[in-house]
Amino acid sequence: MRFYIDDLPVIFPYDYVYPEQYQYMCGLKKSLDSRGHAMLEMPSGTGKTISLLSLIIAYQQFYPGRRKLVYCSRTVPEIDKALAELKRLMEYRRSQGCEDKDFLGLGLTSRKNLCMHPRVSKERKGTVVDAKCRQITASWVRNKAKTEGNIEVCDFFEKIQTLESTELLPSGVYTLDDLMDYGRTSGMCPYYLARRVIPFAD
C-alpha cells in the first residue's frame, strides 16, 4: 500500500498499517526532518522493523542527499532478519513501480560467521579465526609471500585485491547467507568484501 506522511510517499508492503505503526513512522520522520535524535518504542511483534525500514527507504529515495542507514542490533539473527525484511521490502517496492537504482544493502558480522577458508573456517572460537585469518591476510605476510614460495595467503582475500571497490558486488540486498553464496560463486572472501563495499551501501 502507498500512503503519505506530510509530503513523503511511503510504500508499505502490507494491506493494512496499524495506528501504532503509523505513529512510529511519523515520529521517525519528525526526527529525520529535524536531524535530531529520537527514542521510539513499540511492543514486540507489532512490526517495528518493517515500519522503520519502510519509512527510512522512502525518506532516502525521496531526499537523495540523505542516503545512509546504519541499523544496529544485539544479535546476528536479528540483523539477518532485518536484512531479509529489507530484501522483501525492496522487491515489493519494485513491484509497485519504484526505481530504487543501485540500492545496496548488506550486513557486517565477524570473520567467524563469514569465513570460507577451508582451514580457518573450521575453528570454533572467534578469536582463533581472527588470529588465523590475520596470519594469511596481513600485508607483511602477503609481501613476504611474493618472494618466498612457501608462505600461505588467502586466495579469497587476494581476489578482492585485484578489483576496484565498485566492481566487487552488484547492487541489491544481501543477507549474510546471500553474502556467503556470492563469496562462493565469485571466489571472494565475504567478510572483507562486506568491509570494502560498506562505504557504497545505502
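The values are calculated or read from the model by the stated rules, or taken from the named source; none is laboratory data. These figures come from a predicted structure and were not determined experimentally. A quick note on method: Cβ atoms are made from the backbone with ideal geometry, for glycine too, and the neighbour counts reach across all protein chains shown. Surface areas here come from the heavy atoms of the whole protein model, side chains and all, with no ligands, DNA or RNA. Shrake-Rupley method; radii C 1.70, N 1.55, O 1.52, S 1.80 Å.
At-a-glance table
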quantity	calculated
Of the criteria (1) within 21 Å of the chain's Cα centre (by Cα); (2) open to solvent by less than 70 Å² (accessible area, probe 1.4 Å), which one Ala138 fails	(1)
Members of region 25-60 found to be basic (Lys, Arg) and surrounded by fewer than 15 Cβ atoms within 10 Å (Cβ to Cβ), listed by number	Lys30, Arg35
Criterion (in a loop (DSSP other than H, G, I, E, B), modelled with pLDDT of 90 or more and either touching a His at 6+ places or on another chain (Cβ under 7 Å) or open to solvent by 40 Å² or more (accessible area, probe 1.4 Å) (or both)) met by exactly one of Tyr14, Tyr4, Tyr22	Tyr14
Qualifying position, being open to solvent by 80 Å² or more (accessible area, probe 1.4 Å) and touching a helix residue (DSSP H, G or I) at 6+ places or on another chain (Cβ under 7 Å), among Leu108, Leu168, Leu179, Leu114	Leu108
Selection within region 172-202 - modelled with pLDDT under 95 and in a loop (DSSP other than H, G, I, E, B)	Ala201, Asp202
Selection from region 147-171 of residues that are part of a helix (DSSP H, G or I) and farther than 15 Å from Ile198 by Cβ	Thr147, Asp155, Phe156, Phe157, Glu158, Lys159, Gln161, Glu167
Boolean, Tyr63 is among the hydroxyl-bearing types (Ser, Thr, Tyr), loosely packed, with under 13 Cβ neighbours inside 10 Å and either without any contact (Cβ under 8 Å) to a residue 60 or more places away in the chain or within 26 Å of Pro190 (Cβ to Cβ) (or both)	yes
